[in-house]
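I have placed the structure first, in the form of C-alpha cells, so that the comments after it can refer back to it.
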Amino acid sequence: MICKKVSLSAIWILLLSTNILAQSDSIPVQDMQWQTFNTYKDVDYNQTLRPQFHFSSLKNWINDPNGMVYYNGEYHLYFQHNPVGIKWGNMTWGHAVSADMVHWKQLPHAILPYGKSTIFSGSAVVDEQNVLGKQVGKTKTIVAIYTAWGNGQSGAYSTDKGRSFLLLNNGGPIVKPTGINKGERDPSIFWHEASKKWIMVLWIKRAAKEGSAADKMGKVRIFTSHNLTDWTMASDFDREWVYECMNLIELPVDGNKKNKKWVVFDAGFHYEIGDFDGKTLTTDSIKLQGDFGKNYYAAQTFNNSPDGRKVLIGWMNGSNGAHEKEGMPFSGQFSFPSKLDLKNTKEGIRLFRWPIKEIEALYTKSYQFKNLHLDKATEKLAPIKAALIDFSIEFEPTDSIKLTLRGLEMSYNKSLGAFAYNSVMIPAPIRENGKVSLRVLIDRSSIELFANEGASVASFFGVPKADELGMSISGNGNTKITSLVVHELKSVWQ
Ligand code: FRU
C-alpha cells in the first residue's frame, strides 16, 4: 500500500524509512483513509452465514476476484472491496494469499483509490523478464493492470511479493479512455508465448446512448505489448453477448497439449471456443453457458500457475445483500476454486469445471457405497450427519429422483434430462456409460452443483437448514445407484 502526499507526513517518513518510496520514481498518490485493515482483526470467521471453505473478506463488501496470480509459493487473490462499508463503493483491491487456494490469509488492502479514481477490476502478472525494469534483487515484480474508474486503464507494480504497490505512470492511464460512455473496463492481461508478447483483453462499450439497451452491449478489444506499459490495439472481437470482465485463456483439448484451443468468456460466464494467433481471435460463434446457477459472476483464472492448471474463482453475486441483512460483518463470497478443462463431447468441444483436488485435505469423514438400489442408499445415508458437505452420486436414470441435503432440495428430471435446483435446470443428458452424476458442495451460505463430471455447473447462494444435518434420496426404490460418496469437511479457518 502507498499513501497520499498531502497531510500524511508521518506515513511518508515511515515509508521512506522502510525504503518503499526511495526505490521508485512513482509519485505515491493513494489515499490512506482507505487503509482500514487494522480494524479487521476484531472479526473472526465464525458467524452463522460465514463460508467455512470458501473465501470471504473478514469485513465489508467484496465483488469480483482481481489480479489472480501465483508467485513463489503463494497464490494471490486480490478482489473488489469496499474498505469502509458493507455495500458496494470506494473500490479498492483487497488482498489474500494462500499456498493451496483453499486456506486463505487476508492481508492489508493492496491498491487504494487515488486522485479521482477508484480501483475497478483487473488482473496481475509476474514480470519474469523484468521488462518493466523495476525488479529489486531476485524478487520478481508483480504487475497489476486495472481500470482506474473514469480514467482508462492504469497499472501498479509490487517489488515485495504483491504486498504493496507503486503506481506506474503516476497512476495515469496506460490505455487511454475511448470516451465512449466511460465504459471500457476490466483489463485482463497474460503472456502469449507463441508471439512473445503481453496480451490485454478489454471490454469496450459500444457507442450508444447511456441507459439505452445497446448501452449494455460491448465488444472485446485486444491489445499487445512488449513492455507492459505501451499497448497497441490489435483487433476487436465483436459479439452482442459480451459484458464486463473478459478473459481469454488457452486450454488443451482432452489433455492433449498439441491440440489447444482458446476460450473467451465474460462476467456472466458466457463463452465461445476458438483460436488466437496473438492478435486476432476467431471462433465458431457458438455462445455457450459456463454456469447455470443464479450466483456466479466475474470469474478469472490464476496467471503463472505453477502446474499449468487453469483454476477459476468467481464471485457468487446476486445474493441481494443477504449476508448484510442477516447481520454478518461481511457481504459476498467466492466460489470454490475449480479446474477448467476442454473436452470433446457429442455436441463439440465444451468447457468442464471441477473442484480442485486440494479440497481433499479438508475431508474429516468419508463414506463410499457402490452399486446399491435407491431404497438401500437412503438407509445408508440415514445415520450420516455433516454440516459442510462434498456429496457425489452416480445413477442409472431410469426414473426421476430427489435429493435432500441439509434441507436443500434438488432433483433429477428424467424426461428433461436435467437436474433442477431452485427452479433452475442444469442439463445432464445420459452419458455413454448409461449414467448421470451430480457432485454437490454445501457450505454455510452456498451450494455448488457439478453435473456429469463438470459438464454443467450451477452456483447458488443458499443456506442449509440450521437444525438439519442429514441427507436423503427419494424416488423409485429400484433405481440403481452405481456410486454414492459423502465427505464431511472441516473449516479452513480452524
Ligand atoms: C463487475 C464490475 C466490473 C467493474 C467492477 C466494479 O462486477 O462491474 O465491470 O470493474 O465490477 O466493482
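Extension gain, Asn169-Trp354: 0.36 nm per intervening residue step, less the Cα-Cα distance, totals 62.6 nm. Where both bridge residues fall in the chain, DSSP classifies roughly 95% of the beta bridges as antiparallel. Taking 14 Å as the straight-line reach from the Cα of Lys176, the aspartates and glutamates in range (excluding those fewer than 8 positions away in the same chain) are Glu184, Asp186, Asp230.
For segment 432-494, the per residue solvent-accessible surface stands at 34 Å², with DNA, RNA and ligands left out and a 1.4 Å probe. Averaged per residue, segment 25-355 has 38 square angstrom of accessible surface, using a 1.4 angstrom probe with ligands and nucleic acids left out. For segment 363-489, just say rounded, prolate or oblate: build the C-alpha gyration tensor, square-root its eigenvalues into a ≥ b ≥ c, call rounded for a/c under 1.5, and beyond that prolate if a/b exceeds b/c, oblate if not. It is oblate, given that a/c is not under 1.5 and a/b is not larger than b/c. Here the accessible area of segment 363-489 is 48 percent carbon and sulfur, with a 1.4 angstrom probe and all protein chains present.
Given axes a ≥ b ≥ c from the Cα gyration tensor, I'd like to know whether segment 348-387 is rounded (a/c under 1.5), prolate (a/b larger than b/c) or oblate. Verdict is oblate for segment 348-387. Here segment 412-481 is treated as an ellipsoid with the same Cα gyration tensor; its semi-axes, largest first and in whole Å, are 22, 16, 11. Cα gyration tensor of segment 340-435, axes a ≥ b ≥ c as square roots of the eigenvalues: rounded (a/c below 1.5), prolate (a/b > b/c) or oblate? Oblate shape, in that a/c is at least 1.5 and b/c is the bigger or equal ratio. Taking each residue as 0.36 nm, the span from Thr364 to Thr48 lengthens on full extension beyond its C-alpha to C-alpha distance by 111.7 nm.
Summary of packing: across the peptides 31-38, 453-460, the per-residue average of other C-beta atoms within 10 Å ranks them, highest first, as 453-460, 31-38. With contacts taken as Cα pairs under 8 Å at a separation of at least 6 residues, the chain carries a relative contact order of 13 percent. For segment 25-355, which whole percent of the accessible surface, found with a 1.4 angstrom probe, sits on carbon and sulfur atoms? That share works out to 49 percent.
Rounded to whole Å, the principal axis extents of the Cα atoms in segment 25-355 read 52, 47, 46, largest first. Here Glu468 sits with roughly 70 square angstrom of accessible surface, probe radius 1.4 Å.
Counting Lys +1, Arg +1, Asp -1, Glu -1, what net charge surrounds Leu469 among other residues with beta carbon under 12 Å of its beta carbon? Surrounding charge for Leu469 is 0.
The values are calculated or read from the model by the stated rules, or taken from the named source; none is laboratory data. Being a predicted model, the structure only gives us computed values, none of them experimental. Here Cβ is always computed from backbone atoms with ideal geometry, including for glycine, and neighbour counts include all displayed protein chains. Areas reflect the complete protein model, heavy atoms only, side chains present, ligands, DNA and RNA absent. Shrake-Rupley method; radii C 1.70, N 1.55, O 1.52, S 1.80 Å.
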